[in-house]
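Worksheet: the structure to be examined is printed underneath.
The values are calculated or read from the model by the stated rules, or taken from the named source; none is laboratory data. Note that the structure is a prediction, hence the values are computed from the model and not measured. Here the Cβ positions follow ideal geometry from the backbone for every residue, glycine too, while neighbour counts run over all protein chains shown.
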Amino acid sequence: MLSTGIGTYTLNLISELVKQKNFPLRLLTSPQDREVLSQFNREIKVIDAPIYSFSEQLQVPRAVGSSDVLHVPHYNAPLLRKGTLLVTIHDLNHILDHTYRRTIKSMLYAQPMLRLVARRANHIFTVSEYSKRQIIEHLGVGAERISVVYNGIGAHIFPEDRDVARANTNRDFGFSGPYILFVGNLKANKNVQGLLQAFAILQQRSKVSHRLLIVGDDATGRQSLMELTRELKLEDKVVRVPHVGHQRIRSLYSGADLTVLPSFEEGFGLPVVESMACGSPVACSRSASLPEIGGDAAEYFDPHDPESIAAAIETVLLSSDRWRELQKLGLRQACRFSREDFAQRHLAVYRRFLG
């Protein structure tokens, strides 16, 4: 899962843990990710088992062997593990979001697995106070068994020169001029459809000349996104990019006039702090964890109301004073999410169980 938000969490954590002297760290991964992890110069064990599979449940405990502590950065943890098991539950989308919880995968795997893992884990990490409250309420976990550790910002995230970053983005993706940025998958909880509807409203008003750059992909959401783009007659104004690497995402953030995250549900919302750290203002939903993460450094809106989304975008883009204010506040807010603190909070829990 190294190309996902969970992968960013995992790589940021490993990159800090390997700096610890005399800290015995072994990595367990799938064949396709071995090369990425080899940069960390640690013992790597590879298993070839599909994620969320019965085979995964059998092979992971076997591969872990005699390790004192196993930390799984997602809820697909091995229930047969006999030793100490630490798990990260980033969010409860499969329980809280109505589009998730009605799917076959959610009903047959995700929801039962979340509840079983919550009971089995010796300790749970999560990424916001919001997610902690949901885990306590919906999974029945005591507060003392949960540690909130905010995501740290990756070493590859920092501001580039705005004009150069925009020019590079224009060149790389074949369009010209300013753009509004969305980063994330296309699943229903991300509310990309609401963003498209808001963007259509902006086009009707003709006050904003930006294109909308959507960075992310999802097999189930891709078709509906393309259909709605055509229906709203936005084909010439929306640019979609499935995947980008670390350096390119930094340029995309740095060159954007605004990053928008219209999610209904978010356990953390990494694009919010990554954008802020690159000097790009943020507009995001007034829901779930996002006000906690964005603080006073974002323009908020109601994600259920495209007019509210459009108005928030206009507030930032049509006022140079508000734009500069959010840029300044965002750079300051991003400083709260250091990788060093992120790693130390994990280490404190590891050491508690290592004795």
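Could you figure out which of (1) touching a Leu at 6+ places or on another chain (Cβ under 8 Å); (2) over 24 Å from Asn185 (Cβ atoms); (3) part of a helix (DSSP H, G or I); (4) of a type in the set (D, E, K, R) isn't true of Asp33?
(2)
When you scan the range 235-294, how many residues do you find that are touching a His at 6+ places or on another chain (Cβ under 8 Å), surrounded by fewer than 20 Cβ atoms within 10 Å (Cβ to Cβ) and basic (Lys, Arg)?
The number of residues fulfilling the criteria is 0.
Does Ile135 qualify as being of a type in the set (Val, Ile, Thr) and within 23 Å of Ile214 (Cα to Cα)?
no
Would you please list the contacts, defined by Cβ atoms under 6 Å and residues six or more apart or on different chains, that run from a residue in the range 272-301 that is without any contact (Cβ under 8 Å) to a residue 40 or more places away in the chain and aromatic (Phe, Trp, Tyr) to a residue that is surrounded by fewer than 24 Cβ atoms within 10 Å (Cβ to Cβ) and part of a loop (DSSP other than H, G, I, E, B)?
These pairs meet every condition: Tyr300/Arg286.
Just to check your reading of the model, which residue among Ser275, Ser263, Ser287, Ser280 is of a type outside the set (Val, Ile, Thr), assigned to a helix (DSSP H, G or I) and not assigned by TED's automatic domain parsing to the domain that holds Ile135? Give the derivation first.
Details: Ser263 fails: assigned to a helix (DSSP H, G or I); Ser287 fails: assigned to a helix (DSSP H, G or I); Ser280 fails: assigned to a helix (DSSP H, G or I).
Exactly one residue qualifies, and that residue is Ser275.
So for the range 41-52 (the condition being in the same structural domain as Phe342 (by TED's automatic domain parsing), of a type in the set (Ser, Thr, Tyr) and under 20 Å from Gly83 (Cβ atoms)), does at least one residue qualify?
First, the residues of the range 41-52 that are in the same structural domain as Phe342 (by TED's automatic domain parsing): 41-52.
Keeping just the survivors that are of a type in the set (Ser, Thr, Tyr) gives 52.
Next cut, under 20 Å from Gly83 (Cβ atoms) only: none.
Scanning the range 41-52, I find no residue that is in the same structural domain as Phe342 (by TED's automatic domain parsing), of a type in the set (Ser, Thr, Tyr) and under 20 Å from Gly83 (Cβ atoms), so the answer is no.
Report yes if Phe182 is crowded, with 21+ Cβ neighbours inside 10 Å, within 15 Å of Gly269 (Cα to Cα) and of a type outside the set (Ser, Thr, Tyr), otherwise no.
For Phe182, the condition - crowded, with 21+ Cβ neighbours inside 10 Å, within 15 Å of Gly269 (Cα to Cα) and of a type outside the set (Ser, Thr, Tyr) - is met.
Just one of Arg102, Arg120, Arg133, Arg115 is of a type in the set (D, E, K, R), within 17 Å of Glu265 (Cβ to Cβ), modelled with pLDDT of 95 or more and out of contact with any His (no Cβ under 7 Å at 6 or more places or on another chain); which is it?
Values: Arg102 fails: modelled with pLDDT of 95 or more; Arg120 fails: within 17 Å of Glu265 (Cβ to Cβ); Arg115 fails: within 17 Å of Glu265 (Cβ to Cβ).
Selected residue: Arg133, the only one of Arg102, Arg120, Arg133, Arg115 that is of a type in the set (D, E, K, R), within 17 Å of Glu265 (Cβ to Cβ), modelled with pLDDT of 95 or more and out of contact with any His (no Cβ under 7 Å at 6 or more places or on another chain).
Do you know which residues across the range 122-165 are over 23 Å from Ala77 (Cα atoms) and acidic (Asp, Glu)?
Glu160, Asp161, Asp163 - these are the residues of the range 122-165 that are over 23 Å from Ala77 (Cα atoms) and acidic (Asp, Glu).
For (1) of a type in the set (A, V, I, L, M); (2) within 20 Å of the chain's Cα centre (by Cα), each residue gets a yes or a no:
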position: Thr8; (1), (2): no, yes
position: Lys21; (1), (2): no, no
position: Ser30; (1), (2): no, no
position: Asp33; (1), (2): no, yes
position: Ile47; (1), (2): yes, no
position: Ser67; (1), (2): no, no
position: Asp91; (1), (2): no, yes
position: Ile104; (1), (2): yes, no
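Yes or no, residue by residue, for (1) more than 20 Å from the chain's Cα centre (by Cα); (2) more than 27 Å from Ile124 (Cβ to Cβ):
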site	(1), (2)
Pro306	yes, yes
Glu325	yes, yes
Lys328	yes, yes
Leu331	no, yes
Cys335	no, no
Arg339	no, no
Tyr350	yes, no
